[in-house]
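See below for the structure under consideration.
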Amino acid sequence: MSNQSERDELGDLLFAEFALYAEALSEQREGWEEAWPSVTWPPHTVMATLQGRFAVARKAAAVVGVKPSDSEITDEHKARVAFRSMFPDGAPAICD
């Protein structure tokens, strides 16, 4: 059985790898929301590598119980992109 910190760490890895893949899809002028769950890439390409890294991160996260659906991954990525656009320098800190 995994602990919470393992689930958090592998969940963060999952979304970090997804962010790289979604960003690359956007750069390829693919609609990342529609393309990521179904598109396949020729072997030995950057896109295939990014897709594979995300797939491995997703399997690793699933082993410890982090199993978001495709729509949950899409929604979480949108939320993270929105957060980064609101706070490009990082999360605001509360000061005394």
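Can you give the direction-averaged projected area of the convex hull of the alpha-carbon atoms in the chain, in nm²?
7.9
Which percent of the accessible area of the chain is formed by carbon and sulfur heavy atoms (probe 1.4 angstrom)?
The computed percentage sits at 56.
How large is the Kirkwood hydrodynamic radius of segment 1-43, counting all unique pairs of alpha carbons, in Å? Don't jump to the answer; show the numbers that get you there.
Working: mean 1/r = 0.0844 Å⁻¹.
The answer is 11.8 Å.
Measuring with a 1.4 Å probe in the full set of protein chains, what accessible area per residue, in whole Å², belongs to segment 1-88? Present the calculation step by step, with values, prior to reporting the outcome.
Working: 5720 Å² over 88 residues.
Roughly 65 Å² per residue, with all protein chains present.
The values are calculated or read from the model by the stated rules, or taken from the named source; none is laboratory data. It should be emphasised that the depicted structure is a prediction, and the values quoted were computed from it without experimental measurement. For accessibility, only protein heavy atoms count, side chains too; no ligands or nucleic acids. Shrake-Rupley method; radii C 1.70, N 1.55, O 1.52, S 1.80 Å.
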